[in-house]
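**Student:** Sharing a structure with you now.
Read-outs: derived from the displayed coordinates by stated rules, not from any lab. Note that the structure is predicted; figures quoted are calculated from it, not measured. Cβ placement follows ideal geometry from the backbone for every residue including glycine, while neighbour counts extend to all protein chains displayed.
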Amino acid sequence: MKSTIYLLFIAAWATLSGCTGMNVSSEHDSSYKFSQISTYQWIDAPAEILDKDDTYLNIDIQKALNKELSARGWNQVLDHTNATIQEVYFIKLKELQEYTASANADQRDFSGGFTYNRDKSNWGYQEREPDLNAYTVEIGTLSVLLYDAKTGDRIWRGSLQTKLDRSKAVEKQLDLIRDVSRKLMERVPAT
């Protein structure tokens with residue numbers, strides 16, 4: 001009975017983590033009263049970050065973040081004197097190799113087959129491991145930082161990492177951007 005419950009838990013966890021495919025992390029200043037935030041101003045990330053070849057800004061990300069912040073009741077302002085907090089974001093992209101191979105016995109049996117040995121002039125059967133498939137995947141990491149506008153102290157940092165697929169339709173990519181922004185901004189404390 002225990003092993004059945006354990007297996008169901010593992011299957012449910014694998015299904016849920018496979019669906020999201022997003023790694024989210026955040027940290028915040030526990031002494032800061034997030035409930036006092038009413039306005040925010042976008043600021044640029046330092047040149048040391050933005051000048052790197054793997055770092056980008058994207059207007060669609062900023063629009064999606066604005067929508068999430070607006071849903072919290074926060075209003076964007078252009079002047080830092082009117083801002084409760086200042087916010088910065090940037091995106092880092094990198095390519096990684098991912099490898100897949102069939103792991104079950106049926107696929108291994110199928111991958112073997114009859115071979116002709118020219119030296120011996122006869123046919124034989126040879127087992128062989130299935131081919132290893134290599135894929136290049138693009139990983140995007142969105143980082144958002146919030147600073148108290150008066151003191152300049154960082155009050156929150158969050159990042160979300162996920163696989164990207166630029167071959168998908170624009171609508172699907174925009175859905176991912178909205179989902180990423182929502183999941184990341186959910187980590188900002190409300191109080």
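**Student:** Between LYS120 and GLN76, what is the label-point separation in nm under the 7 Å Cα-to-beta-carbon projection?
**Tutor:** Between GLN76 and LYS120, the simple spin-label model gives 7.3 nm.
**Student:** Using the Karplus curve 6.51 cos²θ - 1.76 cosθ + 1.60 with θ = phi - 60°, work out ³J(HN,Hα) for each residue of the stretch 94-99 in order, rounded to whole Hz, and write x for Gly and Pro.
**Tutor:** Those phi angles translate into 8, 9, 10, 8, 10, 10 Hz.
**Student:** From the phi of every residue in the stretch 134-139, what ³J(HN,Hα) in whole Hz does the Karplus formula 6.51 cos²θ - 1.76 cosθ + 1.60 yield, where θ is phi - 60° and glycine or proline is x?
**Tutor:** 10, 10, 9, 10, 9, 10
**Student:** Would you please put 138-150, 47-59, 171-183 in order of how densely packed they are, using the mean number of other Cβ atoms within 10 angstrom per residue and starting with the highest?
**Tutor:** 138-150, 171-183, 47-59
**Student:** Apply the Karplus curve 6.51 cos²θ - 1.76 cosθ + 1.60, θ = phi - 60°, to the phi angles in the stretch 57-65 and return the couplings in whole Hz, x for Gly and Pro.
**Tutor:** Result, rounded to whole Hz: 10, 9, 5, 5, 5, 5, 4, 5, 5.
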